[in-house]
Amino acid sequence: QGRAGGGCAPARRGGPAAMAAGASRSTSGGIREGDVHRGDYVPLIRDPEAQEALQPNGDQPGGPSGVARITSLRRGGEEGEEVRPFMPRLKFVEGPECQTFVGLVIAANAIVLGVETDYPGGIWDAVEQAFLMVFVAELALRMMYHGCNYFVQRGHLFWNWFDLLIVGLGVMESWIIPLSAWEMNSPGTLALRSLRLLRLLRLLRMFRMFIYMQKFVDAMVEMFPTLMWIFGILFLFCYVTAIVLTHMLGKMEALSGLAVSREDQDGLSAEFGDLFTTMFTLFRIVTMDSWHTTALRVTKYLPMWRIFFVCFIAFGSWTMISLLTAVVSDHMLAATADLNEIEKKRAHEIKMAFLDYLRKSFHEADTDGNGKLDREEFVRWANDDATLQRLQQVGIEMRSAELVSLFDMFDIDDTGQLSIDEFLHGFARAQDTLGMNHFLMLEHLFKRMERQVDGVRGSVDDVVTAVDARACAKVKARGSTG
């Protein structure tokens, strides 16, 4: 069964012979419905995550080595489905280079808005027009790339409509209103022109472009219900306490009969005069903002109220704030763990794409079509500049001469030819051991020595068997003559 993004090329129908001789079509999206059927053979990738979707051909008689046979097919779910773009040629608009450029434009636009606030006039209108044209062009290209799916795309629905709204408001404020026949000083027009401050919302697109910021927002949304419960408990606690303190301190019920100075009366009235003022005072105490001033003013006349302030701070500040910190930390750690999984998945996708490229290159380099690469074909492929550039993209920094030397290391059975299994497995190991190619060489040398030792052991066993047979024959001959 195949997984979306698994990295295997579609299979060739017609059994093992067709698989060994024919070149398979490669795709970057992995095994998809319609590409393979039950009983088809695909190249066997020496990778645990990719191999879990395939059943190796070890138990099927007559099947070639280095391939696996599709035993079942599974339809992709919602997470694995990929919507076909309306104009695939515009794929670059969703690429990292284009998104990085748009992010830099948004950052520059934010800087210009800040400078324009303190130094109005000048060329800022022309600069804003240029920014707006970039945003309109980027939005138009994305809508052309996705087609109608742009408005219903899962996972990006909110951000797509958000981009459309922000760009639409910018077009109305900068292009439609100045060209219209509306009265420029009418209340409606002034209200629309005041929407230019909404251009600051473009900064929110940064959360979409950078996965770390997006994960931060996701963590905030996920922890929001828990935070609301904690804030609700804290609010209820402060509300009940505020009612009591307004009566006891604001209305002087607890201080009746005591000689309270006029200055302290005014201070208590300013801090506990009504319910909302008392709640704000309690909020200051929770945040430890000058709480001692309020506490000393009360405890100067009511010493036992020290217990109240200690208990209130212990629960409202230490306990509840610590609980808030724990919830935020827990969700942020979970978001960090998700980022690590995303990085692993991305590295796996890069590896699968590289193996797919190698498989395609193997068939292109196999000019005689015998399913093997001899030294001449491998050297021709290694001397291609496009090959070196592609290998550098996945972290394999080698010159052509170094790349040619890999042929002997990959050719473990010393046949002078590379099978597709040896080709893929060798480069997969070279990619994993980046900067440690000498260990790779030792590994292949040990495997070759093991094969040679096995061959010598077999030859010695044959010689020993032959000697034993001759000795037995001589013994029998002597026994018969005697």
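The values are calculated or read from the model by the stated rules, or taken from the named source; none is laboratory data. Just so we're clear, the structure is a prediction, and the values are computed from it rather than from any experiment. Virtual Cβ from ideal backbone geometry, glycine too; neighbours counted across all protein chains shown. Side chains are part of the model used for accessible areas, which takes the heavy atoms of the whole protein and leaves out ligands, DNA and RNA. Shrake-Rupley method; radii C 1.70, N 1.55, O 1.52, S 1.80 Å.
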Amide N of the range 98-115 lying under 17 Å from the label point, which is placed 7 angstrom from the Cα of Met133 along Cα→Cβ: 102, 105-106, 109
Solvent exposure, largest accessible area first (probe 1.4 Å, DNA, RNA and ligands not counted), of Thr281, Thr226: Thr226, Thr281
Under Karplus coefficients 6.51, -1.76 and 1.60, residue-wise ³J(HN,Hα) of the range 140-147 in Hz, glycine/proline x: 5, 5, 5, 5, 5, 5, 8, x
Debye, to nearest 20: dipole size of the range 88-181, +1 on Lys, Arg Cβ, -1 on Asp, Glu Cβ: 520 debye
Linear extension gain, Leu104 paired with Thr336, 0.36 nm per residue minus alpha-carbon span: 81.0 nm
Difference of contour (0.36 nm per residue) and Cα-Cα distance, Met228 to Cys472: 78.5 nm
Förster radius 56 Å - calculated FRET efficiency between Phe86 and Gln265 (Cβ-Cβ, nearest 0.05): 0.15
Lys, Arg +1 and Asp, Glu -1 on Cβ, resulting dipole of the range 85-140 about Cα centre, debye, nearest 20: 320 debye
